[in-house]
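Asker: Have a look at this one before I ask anything.
The values are calculated or read from the model by the stated rules, or taken from the named source; none is laboratory data. Fair warning: this is a prediction, and the values are worked out from it, not measured in the lab. Methodologically, a virtual Cβ is constructed for each residue, glycine included, from the backbone with ideal geometry; neighbour enumeration extends over all protein chains shown. SASA here: full protein model, heavy atoms, side chains in, ligands and nucleic acids out. Shrake-Rupley method; radii C 1.70, N 1.55, O 1.52, S 1.80 Å.
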Amino acid sequence: MSVLVTGGAGFIGSVVVDQLRVRGERVVVLDDLSRGHRDQLDADVPLYQAPVGDAATVRRIIDEHSVDTCIHFAGLIAVGESVKNPGLYWRRNVGESIILFETLADADVENVVFSSSAAVYGDPIELPIREDHPRKPTSPYGNTKMVMELVLEDLSAASPLRAVSLRYFNAAGATDRRRERHDPETHLIPLALRAAANGTPMKIFGTDYPTPDGTAIRDYIHVSDLGAAHLLAIEYLRCGEPTTAVNLGVGHGASVREVIATAESVTGIQINVEEMPRRAGDPAELVAAADTARMVLGWTPEITALADIIASAWHWEQRP
Ligand code: UFG
């Protein structure tokens, strides 16, 4: 039996491929390399370079590798880009993902772990955000993740397929082997570290949010803790448990200014900032209620201090 990892050449995907292999799982990756990097994967990991909407290739992978489980990471992830180019997000995150999930269901692949997002909640009406909080996204990106959760719920009702939708809060940090490398980079922590390294100013998007320092608050989770939850979700599904959705965050938040201040203390470098208007589609505060992951999956994050998360990414930047 093998685990099919779509988007395995991306940031979180590559970390989870490593973790699966350490645990002795057989892994096969499907990635079109439009955003991922071949060198994020070890050379002996089988890679099929194709879109997830290529049903014939998905079917071939399932047959050739006896796939029993799929982790679906592949997709577009930038809130701002989705506001500017919603059609692209609907086509890639929804159109192609539906073809993937239908192909899995048709081939009797029963276990699906789906990369969902805190963006499904939109502007929270209650904090911290529990999984039963209404889904009301404020961006096309969030809409695409919500719709795919609904598709999985419907497929689960009609077929033996079951799914865990993991609602990521803000993945950050790096492992010894893998780091965040988006092009273009839009995420706060890598941009703060780049600003520290280059001495160039970075932008703060929004200083008039209803938060204590006026900047947006997010729940930053270390990528290796995030990855560990995927392995636990596979165990949950292989035990025959039902379709569900689980938040992945540490349960406390940091503002943009706090992240920059922590990056300054980790690097020992003062970061110059430019204050800008809010970025379209960004909620003021997203912090997870993290107890479902603990209770349902048996998950406990290990690297919860923001300084440790940022330091793990900074060590990479310091490598020759
Ligand atoms: N920000 C800045 N300056 C920057 C970059 C970001 O001020 O140069 C701000 C953003 O406006 C936001 C916060 O920092 O308020 C975090 O922004 P990121 O781009 O790092 O992350 P997002 O919260 O926008 O999105 C991330 C993932 C999404 C996921 C979301 C859930 O990219 O996939 O977390 O919280 F849905």
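Asker: Convert 10 °C to kelvin, take the viscosity as 1.306 mPa s, use the Kirkwood radius over C-alpha pairs of the chain as Rh, and evaluate the Stokes-Einstein diffusion coefficient in µm²/s, rounded to a whole number.
Answerer: 80 µm²/s
Asker: Report, in whole Å, the centroid distance computed from the Cα atoms of segment 86-133 and segment 251-279.
Answerer: 30 Å
Asker: Can you give the Rg/Rh ratio of segment 212-320, where Rg is from the C-alpha atoms and Rh is the Kirkwood radius?
Answerer: Ratio of gyration radius to Kirkwood radius for segment 212-320: 1.05.
Asker: Between the helical axis of 11-22 and the dominant principal axis of the chain, each derived from Cα atoms, what acute angle in degrees is found, rounded to the nearest 10?
Answerer: So the inclination is approximately 50 degrees.
Asker: Give me the one-decimal nm value for the distance between modelled label points at Ser34 and Glu241, 7 Å along each residue's Cα-to-Cβ direction.
Answerer: The modelled label-to-label distance comes out at 3.3 nm.
Asker: What is the distance, in nm, between label points placed 7 Å from the Cα along the Cα-to-Cβ direction at Ile98 and at Gln318?
Answerer: 4.9 nm
Asker: Next question, about the same structure. Taking the Cα-to-Cβ direction at Arg26 and at Asp63 and moving 7 Å from each Cα, how far apart do the two end points lie in nm?
Answerer: 1.6 nm
Asker: If you keep only loop residues by DSSP, which chymotrypsin sites (Phe, Trp or Tyr not before Pro) in segment 276-320 have at most 16 other Cβ atoms within 10 Å of their Cβ?
Answerer: When the chymotrypsin sites (Phe, Trp or Tyr not before Pro) of segment 276-320 are filtered for loop state and at most 16 Cβ neighbours within 10 Å, nothing remains.
Asker: OK, next. So what is the accessible area of segment 1-71 per residue, in Å², with the probe set to 1.4 Å?
Answerer: 38 Å²
Asker: Further question on the same structure: Hey, got a sec? Which GluC sites (Glu not before Pro) in segment 270-316 land in a DSSP loop and have at most 13 other Cβ atoms within 10 Å?
Answerer: Glu302
Asker: While we're on this one: What percent antiparallel are the DSSP beta bridges of the chain, to the nearest 5?
Answerer: Close to 5 percent.
Asker: With a 1.4 Å probe and every protein chain left in place, work out the accessible area per residue of segment 225-282 in Å², rounded to a whole number.
Answerer: Ligands and nucleic acids excluded, the figure is 44 Å² per residue.
Asker: Further, regarding this structure: When you count, for each residue, the other Cβ atoms within 10 Å and take the mean per peptide, how do 212-219, 8-15, 235-242 rank with the highest first?
Answerer: 8-15, 212-219, 235-242
Asker: I've got another one for you. With runs of 4+ DSSP H residues as the only contributors, calculate the mean residue ellipticity of the chain at 222 nm using -39,500 (n - 2.57) per run, divided by the residue total and rounded to the nearest 500.
Answerer: Rounded to the nearest 500, the figure is -11000 deg cm²/dmol.
Asker: How many percent of the accessible area of segment 67-173 is carbon or sulfur, using a 1.4 Å probe?
Answerer: Within segment 67-173, the accessible surface is 53 percent carbon and sulfur.
Asker: Same structure again: Using alpha-carbon positions, what is the distance between the centroids of segment 17-46 and segment 190-205, in Å?
Answerer: Here the two parts' Cα centres lie 30 Å apart.
Asker: Okay, next question. What order do you get for 164-175, 72-83, 126-137 when each peptide is scored by the mean count of other beta carbon atoms within 10 Å, highest first?
Answerer: Descending packing order for the listed peptides: 164-175, 72-83, 126-137.
Asker: May I pose another question? Cut-off 19 Å, label point 7 angstrom out along Cα-to-Cβ of Met276: give me the residues of segment 176-197 whose amide nitrogen falls inside.
Answerer: Under 19 Å, as judged by backbone N against the label point of Met276, lie 181-197 of segment 176-197.
Asker: Out of the total accessible area of segment 231-301 (probe 1.4 Å, heavy atoms of protein only), what percent is carbon and sulfur?
Answerer: That fraction is 49 percent.
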